Amino acid sequence: MTDPLGAAPGASSQPLMACQECDLLQRIPPLPIRGEAHCARCGHSLAARPSDPLQIPLALTITAAIVFVVAITTSLLGLSAVGRHASTTIIGGAWQLWQEGETITAAIVMFCAVIAPGFFIVLMLTVLLLAKRAPVPHWGGEVLRWCLHMQPWSMYDVMSLGILVALIKVAQLASVDAGIALYAMGVLAVLLPAIMVSFDAREIWKLVPCENKATASARAVEEADFLASGR
Amino acid sequence: MSALKPVRAITAAQCGLISCETCKLLARPAHPEDPGHCPRCGGELEFRRRRSLQRTWALVIAAAVCYIPANMLPMMATTTFASSHADTIMGGVVYLFASGSWPLALIVLVASVMVPLGKLIALIYLLLSVQRGMPGACHQRARLYRMVELIGRWSMLDVFVVTFIVALVQLQPLMAVQPGPAVLFFAVVVVLTMIAAETFDPRLIWDSAANLENEDD
């Protein structure tokens, strides 16, 4: 629970922040480990404090990177019917769609299945490694921003279910066997959300210095600054 | 949420402050008309997402238009040497149901028919309620918005199903599956509604409530 501005003037040691969903100004109290703060008005999750916000995500991200390589290189599904065998990989699936003339759909599938998760893993790894030696350079913020944008487009969870449905549909026509990539994808469907849950972006932002050059067009709100403005 | 009711809701915008959408830093804009960039992460600062309503309307209307061919045209065509037949989304659901896997039929029905339609209706409702300045039901609307954001990506399900069936079943000349024209429309619907959910600014929901509060004073 947070303090809406003015409700508890004692807890003013924490910086002010605004809820991303309803713009209410409030202060987040110091959180206990595994604690979570919700907006006082709309209930949007403002901040959470995982037990180890940098080490655990780093371990998970390295694992995810290895599993990702396995998932896109090995065979996903094999099919045999009347003495013929065919198998496909994730990229092969998108490529087949491309060859059938569905170029836009193939590009969307490729983006959700390979490009977005790949970028997400690489950028997350970069951010976490940068955070190991503070201060984080200014472009670290840029990297994290792109990383967070890639996250909703990494759809391994949806894809796993999609392949399950495809398997059941095809299983009635021919015998299908699951490849290593299918298991790898199942693991990634769990790993990617796990990285986001164990990761605390606030820890990184704390290490990113604010730009103080004259080029900075806006400036961070200092406490004194805010009080002086007469609210 | 908390036991003590907020004395008076004060938003960052009312104080002339902007919360960076990326790093959540509270920043004072350089100029009210041209807020500039976040001093910490370099993201663009905006009081409210720019032209949020117009952009979201455009995306929602485009998605609604694509939703029709996505459901009417065939998703995929199966060709064997004896016959060839095409399936629409509903055809696929019926096929799954008939072949006994009704839990999967239900998942596909929910993910590819009900979720996109529900999303479109929810977004149109949110847009209309904000435009009309509807004051009440903020909590319900905020929850609706969060749900739209959360479930949006699951409609991608059928696109993946078609992709992998097409990739797998290529046993020419015995049997082959081709993607139908609906796949493109369907994928476009999903992407457009996902972007629409991102361009819609949930803070607008609460702004109309705050305006009413001010009029009471």
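What to note about this one:
- Selection within the stretch A:176-209 - of a type in the set (A, V, I, L, M, F, W, C) and free of Cβ contacts under 8 Å to residues at least 60 places away in the same chain: A:ALA189, A:VAL190, A:MET196, A:ALA201
- Which numbered condition B:ILE205 fails, given (1) more than 29 Å from A:ILE104 (Cβ to Cβ); (2) in contact with a strand residue (DSSP E or B) (Cβ under 8 Å, 6 or more places away or on another chain); (3) not polar (S, T, N, Q): (2)
- Some residue of the stretch A:124-143 being within 11 Å of chain B (Cβ to nearest Cβ), in a helix (DSSP H, G or I) and buried (at least 23 other Cβ atoms within 10 Å of the Cβ): yes
- Some residue of the stretch B:162-175 being hydroxyl-bearing (Ser, Thr, Tyr), part of a helix (DSSP H, G or I) and modelled with pLDDT of 90 or more: no
- Residue count, the stretch B:157-176 (criterion: among the polar types (S, T, N, Q) and farther than 12 Å from B:MET76 by Cβ): 2
- The stretch A:144-175, subset crowded, with 21+ Cβ neighbours inside 10 Å and not in a helix (DSSP H, G or I), residue farthest from the chain's Cα centre (by Cα): A:MET155
- Flag if B:VAL188 is within 10 Å of another protein chain (Cβ to nearest Cβ), within 15 Å of the chain's Cα centre (by Cα) and part of a helix (DSSP H, G or I): yes
- The stretch A:95-112, residues that are closer than 26 Å to A:VAL143 by Cβ and more than 8 Å from chain B (Cβ to nearest Cβ): A:ALA107, A:MET110, A:PHE111
- Answer from A:VAL109, A:VAL70 - the residue that is in contact (Cβ under 8 Å) with a residue 60 or more places away in the chain and in a helix (DSSP H, G or I): A:VAL70
- Looking only at the stretch A:46-91, residues that are within 30 Å of A:ILE168 (Cα to Cα), modelled with pLDDT of 80 or more and exposed (fewer than 15 other Cβ atoms within 10 Å of the Cβ) come to 3 in all.
- Any chance B:GLN172 is surrounded by fewer than 19 Cβ atoms within 10 Å (Cβ to Cβ), within 11 Å of another protein chain (Cβ to nearest Cβ), out of contact with any Gly (no Cβ under 7 Å at 6 or more places or on another chain) and not aliphatic (A, V, I, L, M): yes
- Residue in the stretch A:78-90 that is more than 30 Å from A:ASP177 (Cβ to Cβ) and either in contact with a Phe, Trp or Tyr (Cβ under 9 Å, 6 or more places away or on another chain) or part of a helix (DSSP H, G or I) (or both) present: no
- Filtering the stretch B:137-164 to residues that are in contact (Cβ under 8 Å) with a residue 40 or more places away in the chain and either touching a strand residue (DSSP E or B) at 6+ places or on another chain (Cβ under 8 Å) or of a type in the set (Gly, Ala, Ser) (or both) leaves B:ALA142, B:GLY152, B:SER155, B:VAL162.
The values are calculated or read from the model by the stated rules, or taken from the named source; none is laboratory data. Quick caveat: nothing in here was measured; it's all calculated off a predicted structure. We place every Cβ from the backbone using ideal geometry, glycine too, and count neighbours over all the protein chains shown.
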